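Laboratory data are not the source of any read-out in this text; all were calculated from the coordinates shown. It should be emphasised that the depicted structure is a prediction, and the values quoted were computed from it without experimental measurement. Backbone-built Cβ (ideal geometry, glycine too); neighbour counts: all protein chains shown.
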Amino acid sequence: MEGIRLLLVDDEEEFRGTIAKRLTLRGISPEQAASGEECLSVLEKMPMDVVVLDVKMPGMSGIEALHHIKEKYPKTEVILLTGHATTLDGVEGIKAGAFDYLSKPIELDHLIGKIKHAYDKIRREEEKLKEAEFREKMEQQMIATERLASLGTLAAGVAHEINNPLAIIKESAGWMKLILKKDECAEIPRKQDFDMALNKIEKGVERAKRITLQLLGFARKDDSVLAELNLKELADEAIRLVTREAANKDIEIVQEMDIPGNTIWSDPYQLRQVLINLLTNAIHATGSGGNITIKLEVIGEEVALSVQDTGQGIPKENLERIFEPFFSTKSPGEGTGLGLFVTRGIVEKLGGKIEVESRLGHGTSFCIKLPKYLEVKEGLAGRDHTDILNKIIKMG
Ligand SMILES: Nc1ncnc2c1ncn2[C@@H]1O[C@H](COP(=O)(O)OP(=O)(O)O)[C@@H](O)[C@H]1O
Ligand SMILES: [Mg+2]
């Protein structure tokens, strides 16, 4: 009963003092009050777990005090001390919410036993409450995850549908530009304005296309393709695609990938997108002359692939938000805020996880951990290929 907060209320000073002393010897040191009124004023200052309360007191009776306690501090348990053979008070007390009652003269062990029971009840209820809170939190998390998953499916669908009209707009704008260049249009008024407007349309389409491309990275599960892939080769390929952007800023990309066991079973297309997203972000964040290191480690049945930069770092308050869809610190022409959202979606879909470490002004490191052999779960490899792939994986 360590840490129990106990209040002993009795108008007979001698009785109260003796009980308090004997309880203290047994490891429970109670607060004391000499009346119902004092009991309530103590409770106002200090919350109590258990109140041992005499029923017969001048002024406010124990039963009255009990009513007040139960109304104001419903979690506090009350043990009543009734006069000799007056069980009627005890019964009335239980009805009013007392935990139990004891008749005077009381036996110390008996009293300690009842205090212990009351305290156990409080702790059980606290645990129940904590468990309920925990369960609610987990449920909310599940709902959030599910919502994200369905958002992904929806987003990929919308992106797909929007790509066609976007292509039409782009083509038509290009066609109009061509016509404007022809001799027959040489003299039309405000030709330059038309040209500028068409350029704006083309730029807008480019931006919308970038968004739909990112969203499509969120493609449905059964679009995944599993293959044996060499991570070094995958990194080479991804680096090649961003190399011009890096060279423009005089950024060197260093590879530390040449280790045995750099082959895994996973989805090459989606992993390539992950690497491109991480590399592009690193290039954006790094000043000219900086470095980006892409490194591979094998840890048991897992591979850890990290992209580390010497860039500006991420402020603490942003660290929790960078994986949210549409969170971006870049200008609308430069960022969509979907890169990391999609990246995390892919990594988790492939059975892995992504971690970030950052020091403001020094740099950032994103690390993805992936299983070497992705289990073929239902739907992941595509309905038609699951069986074949399962066989191949078993053979490997
Ligand atoms: N390597 C990095 N260094 C610093 N900040 C980063 C890095 N990678 C991502 N961020 C931050 O996270 C934000 C979200 O990234 P992302 O989802 O890829 O969207 P976007 O790149 O389109 O802004 C970025 O706008 C940037 O603020
Ligand atoms: Mg990005």
In the stretch 154-287, taking the dipole from +1 charges on Lys and Arg beta carbons and -1 charges on Asp and Glu beta carbons about the Cα centre, the listed residue (Val254, Ala285, Gly157) farthest towards the positive end is Gly157
Charges at C-beta only: +1 for Lys and Arg, -1 for Asp and Glu. How large is the resulting dipole of the chain about its Cα centre, in Debye rounded to 20? 1160 debye
Taking 8 Å as the Cα distance limit and 6 or more residues as the minimum spacing, I'd like the relative contact order of the chain as a percentage. 10 percent
For the chain, what is the calculated [θ] at 222 nm in deg cm²/dmol (nearest 500), taking -39500 (n - 2.57) for each run of four or more DSSP H residues and dividing by its residue count? -17500 deg cm²/dmol
Taking only C-alpha pairs under 8 Å that are 6+ residues apart, what is the relative contact order of the stretch 176-287 in percent? 30 percent
How long is the gain from Ser41 to Lys130 if the chain were fully straight, where each residue apart is worth 0.36 nm and the alpha carbon distance is subtracted? 29.1 nm
Spacing of the two label points (7 Å from each Cα toward its C-beta) at Leu178 and Arg5, in nm: 8.2 nm
Starting from the 7 Å offset along Cα-to-Cβ, what nm value, one decimal, do you get for the label separation of His117 and Ser288? 8.2 nm
Most packed first (mean Cβ within 10 Å per residue), the peptides 63-69, 47-53, 119-125, 133-139 order as 47-53, 63-69, 119-125, 133-139
Only residues of the stretch 19-56 count here: report those whose backbone N is under 17 Å from the spot 7 Å along Cα→Cβ of Lys70, or say none. 40, 50-56
Relative contact order (%) - the stretch 141-216, alpha-carbon pairs under 8 angstrom, separation at least six: 52 percent
Between Arg272 and Val298, how high is the FRET efficiency from 1/(1 + (r/R0)^6) when r is the Cβ-Cβ distance and R₀ = 30 Å? Nearest 0.05. 0.90
Expected unfolding gain across Ala197-Asn230 under the 0.36 nm per residue rule, minus the alpha-carbon gap, is 7.3 nm
